[in-house]
Amino acid sequence: MKTLHPDDTLAHAERLCRDYAALASQVGALTRCAERGDVRACDDAWDAFSRALDEHLAFAEAELFPRYLASEAGGAAFVLRGWGAHDELRREALRFGVELQLTLVNPEALRAFLEGVRERLGREASALCAWAESQPEGGLRGLLTRASEAVRRAA
């Protein structure tokens, strides 16, 4: 089984920790706006969230998916599902962004979308913890576990 260079793996894990913590915090703030029905506040916060989400997805597709594909026997199926999920997530985020700008958004639907994003971040962090544990740098599990915990705390 091919493994990542430890320096690359550590840098990627640290980047993911920052991404997860930032996205979880933004999802939490947007969820609170949606629960209050405060469409204006959601719209104000949406651009930063959308940009961070897109950067995270692009990073995963450019840096993680190819490496996961090379290091795991079942990597192809995982990566194909990941790309499909990313496409769907981008479409939904775009739709909610437009609805927010037009003040046509259903706050409950937005809250449900954000809950799905929060759950996805948690699942992704957990899956990456298991993967990191199989890499030579076992200490990565601690980094990714902290990222997963940050997702749960912030949401």
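The values are calculated or read from the model by the stated rules, or taken from the named source; none is laboratory data. In this text the structure is predicted, and so the values were computed from the model without any measurement. FYI the Cβ positions are ideal-geometry reconstructions off the backbone, even for glycines, and counts take in every protein chain you see.
General remarks:
- Matching residues in segment 1-33 - criterion: being touching an Asp or Glu at 6+ places or on another chain (Cβ under 9 Å) and at pLDDT 90 or above: 27, 31, 32, 33
- Check on residue 104, in a loop (DSSP other than H, G, I, E, B), farther than 19 Å from residue 19 by Cα, hydrophobic (A, V, I, L, M, F, W, C) and at pLDDT 90 or above: yes
- One residue from 61, 72 being farther than 20 Å from residue 122 by Cα, touching a helix residue (DSSP H, G or I) at 6+ places or on another chain (Cβ under 8 Å) and at pLDDT below 90: 72
- Meets criteria (part of a helix (DSSP H, G or I) and either of a type in the set (Phe, Trp, Tyr) or crowded, with 17+ Cβ neighbours inside 10 Å (or both)) for residue 53: yes
- Residue within segment 79-98 that is within 18 Å of residue 34 (Cα to Cα), modelled with pLDDT of 65 or more, surrounded by fewer than 18 Cβ atoms within 10 Å (Cβ to Cβ) and of a type in the set (D, E, K, R) present: yes
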